[in-house]
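Every read-out reported here was derived from the displayed coordinates using simple, explicitly stated rules and does not represent laboratory data. Computed from a predicted model, the values in this text were never measured in an experiment. No Cβ is skipped: glycine too gets one built from the backbone with ideal geometry, and neighbour counts run over all protein chains shown.
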Amino acid sequence: MSEERLQEIKDSIEFQYTLAKAKGYDNALLFTNEEEELVEEIERLNKDNDDLQNRFNSLMEAHKICDEENERLNNIINKAIEYIEQESEHINNLLVISEDFDIEIVLDILKGVDKE
């Protein structure tokens, strides 16, 4: 509910109170009490809505930060893969000494390939 509409309702309640008191209508005050409680409930719900919106915005910001970090890490991995692929012959020549090291395994790890 808009703040403007809420203020209109509050003004109406205040007017009804004043009118009921002026005319000595005690029963009418029960009505306006109920209306005031409804206004208070609307105000509470509006505050809850604002709080939820703020939490949602915070979560969206955290999600954006995670996405940016994932993209940064993926870029690093892709650059490492590209470098290894470009330099694989040179790297293999250097690694001839060690038969236990396989550059293709390193590439598969970086690419996320499962050997299972």
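Quick look at the numbers
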quantity: For the stretch 73-88 versus the stretch 2-21, the gap between their alpha-carbon centres in whole angstrom; calculated: 68 Å
quantity: 13 Å beta-carbon shell around E8, net charge (K/R +1, D/E -1); calculated: -3
quantity: Extended-chain gain in nm, criterion 0.36 nm per residue less alpha-carbon gap, N78 and Q53; calculated: 5.3 nm
